[in-house]
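A short write-up of the structure that comes next.
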Amino acid sequence: MSVKEGLGLIHVYTGNGKGKTTASLGLTMRALGNGLTVAMVQFMKPDQGSGEYVMSKKLENFTLIPGGLPELVDPKNISDAERAAAKEALVKVRELLYSGDYDLFIIDEANGAMSWGLISVKDMIDLLNGRPKNTEVVLTGRNAPAEIVELADYVTEMRFIKHPFDKGIGSRKGIES
């Protein structure tokens, strides 16, 4: 059996701890090292020179599409522009996922986008159920909806214990971005 024939499961990385996107990028490196093609669409994250975006331009077989606005989303005050950006990112997910060109497909911050109502859980489930058979999918982000957890084959919860933010240490290039 080839590596690609064994693919097709759904992973969820959720929880309030750091490391969800980082874990998906570790899986990306493993997949690339085994000759697989990888795409990542990021909800609520713009291209602001993040390390993963910069590296995606240097790595063969890795496509990364940021799908957010420059400012952080305030879940208590979501703008029409943020809703539009999320809908556009979902269209891009469908287009790339259904192309069949990717073996591993990461939908970064999808859980948060669903929990905040930027995209619907039903739309995501329909999208996942219609994907090519041998495409492995990862959804990251806090607050994974129960329906997504139920659908998934792997679910990992990152739990917050402590973080440098508690000491006033802000986001550091190369570590958090």
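A few comments on the model shown:
- Segment I161-K57, extension gain: residue separation times 0.36 nm, minus the distance between their alpha carbons: 34.1 nm
- Screening the chain for whole DSSP H helices with an alpha carbon extent of at least 24 angstrom along the helix axis and a mean Kyte-Doolittle hydropathy of at least -1.0 yields 80-98.
- In terms of other Cβ atoms within 10 Å, K167, K122 run from fewest to most in the order K167, K122.
- Over 23 Å between alpha carbons, listed pairs K92/K173; K20/K45; K45/K87; K4/K173; K18/K87: K92/K173; K4/K173; K18/K87
- The chymotrypsin sites (Phe, Trp or Tyr not before Pro) of the stretch 123-177 that meet both conditions, a loop assignment by DSSP and at most 15 other Cβ atoms within 10 Å of the site Cβ, are F160.
- Ranked H163, H11, criterion: other C-beta atoms within 10 Å, fewest first: H163, H11
- Relative contact order of the chain, defined on C-alpha pairs under 8 angstrom at six or more residues apart (%): 37
- The chain shape via C-alpha gyration tensor axes, a/c threshold 1.5: rounded
- Between the stretch 94-153 and the stretch 1-19, the Cα center-to-center distance that results, in Å: 11
- Label point distance in nm, A146-N77, each placed 7 Å from Cα along Cα→Cβ: 3.2
Only the coordinates and a few stated rules stand behind these numbers; no lab work does. Predicted model only: the values in this text are computed from it and were never measured. Note that each Cβ is placed from the backbone with ideal geometry, even for glycine, and that neighbours are counted across all protein chains shown.
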